[in-house]
There are 2 protein chains.
Amino acid sequence: MPRPDHLQFGALVHGSGGHIAGWRHPRANPDGELDIDFHVRLARLLEDAGFTALFVADVVAVWGHQLDSLHRTTRADYLEPITLLAALAPQTSRIGLVATATTSYNEPYNLARKFASLDHISGGRAGWNVVTSVVPLEAANFGRAEHFGHAERYARAAEFVDVVKGLWDSNADGALIRDKASGVYIDPARRFHLDHRGEHFTVAGPLNLARPPQGHPVLFQAGASPTGRAFAARVGEVIFTAPVSVAEAVDYRTRLDADVTAAGRDPGDVRVWPILTPIVADTDAEAAEILAELGSLIHDDVLRRLVQDNFGDEDFSDLDLDEPLPDFGTATNRSQSRRAGLLALARGEQLTLRQLALRFSARADTVGAATTVADRIAAVWATGAVDGFNVSFPYLPEQAERFTAEVLPILADRGLFRPPTGTTLREQLGLERAA
Amino acid sequence: MPRPDHLQFGALVHGSGGHIAGWRHPRANPDGELDIDFHVRLARLLEDAGFTALFVADVVAVWGHQLDSLHRTTRADYLEPITLLAALAPQTSRIGLVATATTSYNEPYNLARKFASLDHISGGRAGWNVVTSVVPLEAANFGRAEHFGHAERYARAAEFVDVVKGLWDSNADGALIRDKASGVYIDPARRFHLDHRGEHFTVAGPLNLARPPQGHPVLFQAGASPTGRAFAARVGEVIFTAPVSVAEAVDYRTRLDADVTAAGRDPGDVRVWPILTPIVADTDAEAAEILAELGSLIHDDVLRRLVQDNFGDEDFSDLDLDEPLPDFGTATNRSQSRRAGLLALARGEQLTLRQLALRFSARADTVGAATTVADRIAAVWATGAVDGFNVSFPYLPEQAERFTAEVLPILADRGLFRPPTGTTLREQLGLERAA
């Protein structure tokens, strides 16, 4: 199917906002994360405004590498994504529901069931953001001293996804007969053993649930290392990327399309959604003030940790925040792409640790009056290299309210945006139903 | 806290009904299982009528030992319980939400999160029915040729429950500060590493989610073998049992109370809910006709399988349904208590295979006009040995409608039943919040 000819938007779900100090903003709701009514209101606001999907990130541990600074952030306390999205499903009617789940610390049978169940409950609106887990504290919650190695993580992930797809397909479309007269509930000719025997998993099947309404829930992926990119090209249907500048966008897409083609797939079957972290205010100056205010609300310990957590085993606790970053060596196993990017940024611009942390953590790449934000979105869209954006609102609910009320109407007036058509998430994305 | 002085009721959630041919009944909804709107309507009906809890059974495979007859039942196709109950949470306001989950094929960290999330989303209404998995097809979905042995299953379950409770407690009550001024989101003094290192699990913790509103979601258990009963006495707060006659009820409770005391707990902290499978009609004769009709709707292959699935490796496919059951030997590892019970029943009354299957599978122990059903419930309640019933409606929605509209008002008029008081499930059950 052709790529949608209008911009699409997903939204990261986090109760108080995506900025690490967003919950402290005077107009943020600090209690949002555990408040299901707040989540419902936000989901409906975004659905009504024409967002295509809600997206919930996840880590199977407190969300940092160490505990020292986490008590100052919302990243150590959040609802399990599939449980949260299941609760939102009957409270919404069209918006996609995309949960992150790791292939390193789950069993394929359990995860296949959960996403199939979410797809049935939501009438075909489920998506799975496939991750392999990189936060060290996660491994220790599952009996391991450290994560699987980089290559093994992705090999396991690839087999895991194959098994899950196989389980979704282990009941053919139309297998549910439910004919009272003959007494046949399921057509036995349309239900299959999977009998998968692989290097990491042995799974008999069949799945104990009819094929999901979408055939397969939509697969999201965000791999950025070379191995991760190859995996994304092989399985990703919507690719989350770091923010791309207008200058970078076409190169990124060209490379991705080549990777997708090399993996034997049609680049037309892949959507690209860079992350977008907007701050909308009445004027550009006022928006910049909000960004600065958010930066000032980050505690020094958190600033230091934000950079350190993307490095390896170095201890940053004695580093002066206002000195340039020391010259660290080459990458370790974890977070290779992030570490390299941070090092290049720090060296290229001779940033202090504080400046680097703010640059990296501020997570607001598009800051200004509504027209300014719309202009930047339009410029990236004009490259033809992206299909939409995955929006992380720095604090909530205000920024979601302003974005939907002020930015989307401008994009609609310019003919760049309209609410998606279609019932299932797959249809809204212009992706074929899995055969 | 004292045991509630009025009858309480839980309801098994299964879209078309609990009788194996219930979906074929002329007034059953055969499409109920995957229809979330149907589940919502049923949940609200039961909540409004004063039911204390919804309960979802589960098997991590198609729900039988072999596939030959499953296509004639609803037992091969159902939603994952936690996902289903999460969807029902915001659509209901008081009723408890109890999901079955196995300790054999999950990781404690994942399950602790899911039940804690369900408890937060529902405002303290979550319960966990702890099972260890006995259906052979389950093992094969998780890389094992067969289940863990009986003793190892329960040893693993005991450690699993300890870890889950430890994770729930790894954030103390009141840990969430969320104070914008000081920037402290979580009180670090109220969050703990678990650092569990046991025979089956090694889990660092802490859980990445605030302590559940109930402290601990309520633990349900239904173990019936000697090992299973010891486990239930150790961890169960609500015990599901097989139907008990008036004659058996006091003996059962006396034995359970002794087991609970031996496990170092107060018998006042345990509730007993035998299963109840009612058929309500205008007259006793009409109700008996419905039961016979349901029996006649069970295909011969299913009848045979119903008995065989509770035995071991014997093949029943060539047995004549209308001959007495052959003399099988002693129990194997699986389903010891069921097998022994069936053998005793068959031998004691010289039943044919068909008669045994109908007796066993009919699953309607309380059949009659509303007053007849109420009388039998009242008689068991009058023993003082039960706290309520876990109701499995043979076909839906009619039997739930009749039970709530006709039987509950009789029990209320007699002063035996009233809707539960309290906000959380634990409060409704009269159970202390976990310290």
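In the stretch A:360-373, the residues that are over 20 Å from A:Leu12 (Cα atoms) and of a type in the set (Gly, Ala, Ser) reach residues that are part of a loop (DSSP other than H, G, I, E, B) and at pLDDT 95 or above with C-beta atoms within less than 6 angstrom, at least six apart or across chains, in these pairs: A:Ala369/A:Thr283.
Here B:Asp309 fulfils each of the conditions (1) of a type in the set (D, E, K, R); (2) modelled with pLDDT of 80 or more; (3) within 22 Å of B:Gly228 (Cβ to Cβ) apart from (2). Out of curiosity, is A:Trp168 more than 9 Å from chain B (Cβ to nearest Cβ) and under 19 Å from the mean Cα position of the chain (by Cα)? Taking the combined requirement at face value, the residue does not satisfy it. Can you tell me how many residues within the stretch A:15-37 are surrounded by fewer than 24 Cβ atoms within 10 Å (Cβ to Cβ) and either outside the structural domain of A:Gln91 (by TED's automatic domain parsing) or within 17 Å of the chain's Cα centre (by Cα) (or both)? Result for the stretch A:15-37: 1. Among the residues examined, A:Val244 does not qualify as within 26 Å of A:His6 (Cβ to Cβ), in contact with an Asp or Glu (Cβ under 6 Å, 6 or more places away or on another chain) and crowded, with 19+ Cβ neighbours inside 10 Å. What do you reckon, is B:Leu54 surrounded by fewer than 24 Cβ atoms within 10 Å (Cβ to Cβ), under 20 Å from the mean Cα position of the chain (by Cα) and more than 10 Å from chain A (Cβ to nearest Cβ)? It is false that B:Leu54 is surrounded by fewer than 24 Cβ atoms within 10 Å (Cβ to Cβ), under 20 Å from the mean Cα position of the chain (by Cα) and more than 10 Å from chain A (Cβ to nearest Cβ). Going through B:Arg402, B:Arg354, B:Arg347, B:Arg433 one at a time, which residue ends up being in the same structural domain as B:Asp31 (by TED's automatic domain parsing) and either within 30 Å of B:Gly215 (Cβ to Cβ) or more than 19 Å from the chain's Cα centre (by Cα) (or both)? That would be B:Arg402, the only listed residue that is in the same structural domain as B:Asp31 (by TED's automatic domain parsing) and either within 30 Å of B:Gly215 (Cβ to Cβ) or more than 19 Å from the chain's Cα centre (by Cα) (or both).
I'm checking my understanding of the structure. Among residues of the stretch B:131-145 that are of a type outside the set (D, E, K, R) and not in a loop (DSSP other than H, G, I, E, B), which one is surrounded by the most Cβ atoms within 10 Å (Cβ to Cβ)? My answer is B:Asn141.
A:Pro26 falls short on exactly one of the conditions (1) modelled with pLDDT of 95 or more; (2) within 14 Å of chain B (Cβ to nearest Cβ); (3) not in a loop (DSSP other than H, G, I, E, B), and that condition is (3).
Being part of a helix (DSSP H, G or I) and either of a type in the set (S, T, N, Q) or touching a residue at least 24 places away in the same chain (Cβ under 8 Å) (or both) is the filter; apply it to the stretch B:413-426 and report the residue that is nearest to B:Gly17 (Cα to Cα). Before you say what the answer is, go through the steps one by one.
Residues of the stretch B:413-426 that are part of a helix (DSSP H, G or I), as a first pass: B:413, B:425-426.
From what is left, the residues that are either of a type in the set (S, T, N, Q) or touching a residue at least 24 places away in the same chain (Cβ under 8 Å) (or both) are B:425-426.
Values: B:Leu425: 24, B:Arg426: 27 Å.
Among residues in the stretch B:413-426 that are part of a helix (DSSP H, G or I) and either of a type in the set (S, T, N, Q) or touching a residue at least 24 places away in the same chain (Cβ under 8 Å) (or both), the one nearest to B:Gly17 (Cα to Cα) is B:Leu425.
Determine whether B:Asp387 is within 21 Å of the chain's Cα centre (by Cα), among the charged types (D, E, K, R), under 29 Å from B:Ser16 (Cβ atoms) and at pLDDT 95 or above. For B:Asp387, the condition - within 21 Å of the chain's Cα centre (by Cα), among the charged types (D, E, K, R), under 29 Å from B:Ser16 (Cβ atoms) and at pLDDT 95 or above - is met. Counting only residues that are within 7 Å of chain B (Cβ to nearest Cβ) and outside any loop (DSSP other than H, G, I, E, B), the stretch A:203-219 holds 1 of them.
Name the residues in the stretch B:278-315 that are outside any loop (DSSP other than H, G, I, E, B) and charged (D, E, K, R), would you?
B:Asp284, B:Glu286, B:Glu289, B:Glu293, B:Asp300, B:Asp301, B:Arg304, B:Arg305
For the structure I just gave you, tell me whether B:Ala157 is out of contact with any Lys or Arg (no Cβ under 9 Å at 6 or more places or on another chain), at pLDDT below 95, more than 13 Å from chain A (Cβ to nearest Cβ) and not in a loop (DSSP other than H, G, I, E, B). So B:Ala157 does not fit the description; no.
Among A:Leu425, A:Leu416, which is the only one that is closer than 22 Å to A:Glu248 by Cα and at pLDDT 95 or above? Show your work before the answer.
Working: A:Leu425 fails: closer than 22 Å to A:Glu248 by Cα.
Checking each option against the conditions leaves just A:Leu416.
Every listed requirement among (1) touching a Lys or Arg at 6+ places or on another chain (Cβ under 6 Å); (2) more than 25 Å from B:Leu97 (Cα to Cα) is met by B:Gly223 save one, (2). Applying the criterion of being surrounded by fewer than 22 Cβ atoms within 10 Å (Cβ to Cβ) and within 14 Å of chain A (Cβ to nearest Cβ) to the residues of the stretch B:270-318, the residue that is nearest to B:Ala364 (Cα to Cα) is B:Gly295.
Among the residues of the stretch B:180-202, those identified as within 8 Å of another protein chain (Cβ to nearest Cβ), without any contact (Cβ under 8 Å) to a residue 12 or more places away in the chain and of a type outside the set (A, V, I, L, M) are B:Lys180, B:Gly183, B:Tyr185, B:Pro188, B:Thr202.
Going through (1) assigned to a loop (DSSP other than H, G, I, E, B); (2) more than 18 Å from B:Gly10 (Cβ to Cβ) one by one, B:Asp58 falls short only on (2).
Checking the structure you have, find out if any residue of the stretch A:82-103 is modelled with pLDDT of 95 or more, over 26 Å from A:Asp387 (Cα atoms) and among the hydroxyl-bearing types (Ser, Thr, Tyr). Scanning the stretch A:82-103 turns up at least one residue that is modelled with pLDDT of 95 or more, over 26 Å from A:Asp387 (Cα atoms) and among the hydroxyl-bearing types (Ser, Thr, Tyr). When you look at A:Pro4, is it part of a loop (DSSP other than H, G, I, E, B), out of contact with any Phe, Trp or Tyr (no Cβ under 8 Å at 6 or more places or on another chain), surrounded by fewer than 20 Cβ atoms within 10 Å (Cβ to Cβ) and more than 14 Å from chain B (Cβ to nearest Cβ), yes or no? Judged against the criteria, A:Pro4 is a match.
Can you go through B:Phe201, B:Phe148, B:Phe160 and tell me which one is buried (at least 22 other Cβ atoms within 10 Å of the Cβ) and not assigned by TED's automatic domain parsing to the domain that holds B:Ala230?
Details: B:Phe201 fails: buried (at least 22 other Cβ atoms within 10 Å of the Cβ); B:Phe148 fails: buried (at least 22 other Cβ atoms within 10 Å of the Cβ).
Among B:Phe201, B:Phe148, B:Phe160, only B:Phe160 is buried (at least 22 other Cβ atoms within 10 Å of the Cβ) and not assigned by TED's automatic domain parsing to the domain that holds B:Ala230.
Taken together, the residues in the stretch A:75-127 that are at the interface with chain B (Cβ under 10 Å from one of its Cβ atoms), of a type outside the set (A, V, I, L, M, F, W, C), assigned to a loop (DSSP other than H, G, I, E, B) and under 20 Å from B:Asn110 (Cβ atoms) amount to 7.
Of the residues making up the stretch B:29-55, those that are assigned to a helix (DSSP H, G or I) and within 26 Å of A:Gly124 (Cβ to Cβ) are B:Gly32, B:Glu33, B:Leu34, B:Ile36, B:Asp37, B:Phe38, B:His39, B:Val40, B:Arg41, B:Leu42, B:Ala43, B:Arg44.
The values are calculated or read from the model by the stated rules, or taken from the named source; none is laboratory data. Computed from a prediction, not measured in an experiment: that's the story for all the values here. When we count neighbours, we look across all protein chains shown, and the Cβ atoms used for this are built from the backbone with ideal geometry, even at glycine.
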